[in-house]
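The values are calculated or read from the model by the stated rules, or taken from the named source; none is laboratory data. Remember, predicted model here, so these are calculated numbers, not experimental data. Cβ placement follows ideal geometry from the backbone for every residue including glycine, while neighbour counts extend to all protein chains displayed.
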Amino acid sequence: MKNISLIMLVIACIFTISCKKEKHNADCGCNAPTRVTIEDTQALVGKVYYSVQQIANGYLFQNKFFIKYNEQNCSNCNHYMIICNESILPQQILNIKNDTSQLFSVKFAGHLKPICDKVFAPADYTYENILLTKIEVQ
């Protein structure tokens, strides 16, 4: 009887350990706390595009709107921001889902939040989520 109880306990432990738990990480993604705020007064201008499939150092970002911003005094400083709230985008930008070769220059503001799948890129590249507060086609 002792052996049966021990075997049942071992089986229960193995079953419990092997079950994958869902990842509920509040430290990343579009619902994460804001890390940096880009104010409207900063008047940043970037390029918005739609990516059907973008691979960044082994990580796949599919069917996402991005804003790519290049710092003015750093020609190689590229910031890629995945747009969290597509509902704020004007129809003109939403239409680029049908023609992914189109890019628009946009003035934007919003809250930067960390992505969950960390991208290992050169030090002057960043990948983040952005919750837009304002976007205007230039």
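When the stretch 60-80 is filtered for residues that are farther than 17 Å from residue 103 by Cβ and hydroxyl-bearing (Ser, Thr, Tyr), only 75 remains. Can you confirm whether the stretch 75-89 contains a residue that is free of Cβ contacts under 8 Å to residues at least 40 places away in the same chain and over 19 Å from the mean Cα position of the chain (by Cα)? There is at least one residue in the stretch 75-89 that is free of Cβ contacts under 8 Å to residues at least 40 places away in the same chain and over 19 Å from the mean Cα position of the chain (by Cα). Just to be sure I understand the filter: pairs with C-beta atoms under 9 Å, separated by 6 or more residues or on different chains, first member in the stretch 94-106 and over 22 Å from residue 44 (Cα atoms), second member at pLDDT below 90 and not aromatic (Phe, Trp, Tyr). Which pairs pass? That search, which allows pairs on different chains as well, returns 95/102; 97/52; 97/63; 100/51; 100/52.
When residue 54 is tested against (1) polar (S, T, N, Q); (2) surrounded by 10 or more Cβ atoms within 10 Å (Cβ to Cβ); (3) modelled with pLDDT of 90 or more, exactly one condition is not met: (3).
When the test is whether a residue is part of a strand (DSSP E or B), modelled with pLDDT of 90 or more and on the phi < 0 side of the Ramachandran plot, residue 66 passes it. Taken over the stretch 70-122, residues that are part of a strand (DSSP E or B), modelled with pLDDT of 95 or more, within 18 Å of residue 34 (Cβ to Cβ) and not aliphatic (A, V, I, L, M) amount to 4.
Of all residues in the stretch 61-80, those satisfying the criterion of being surrounded by 13 or more Cβ atoms within 10 Å (Cβ to Cβ) and among the polar types (S, T, N, Q) are 70, 78.
Quick check on my filter: what residues within the stretch 121-138 are touching a Gly at 6+ places or on another chain (Cβ under 9 Å), more than 18 Å from residue 27 (Cα to Cα) and in contact (Cβ under 8 Å) with a residue 60 or more places away in the chain? Those that are touching a Gly at 6+ places or on another chain (Cβ under 9 Å), more than 18 Å from residue 27 (Cα to Cα) and in contact (Cβ under 8 Å) with a residue 60 or more places away in the chain: 133, 134, 135.
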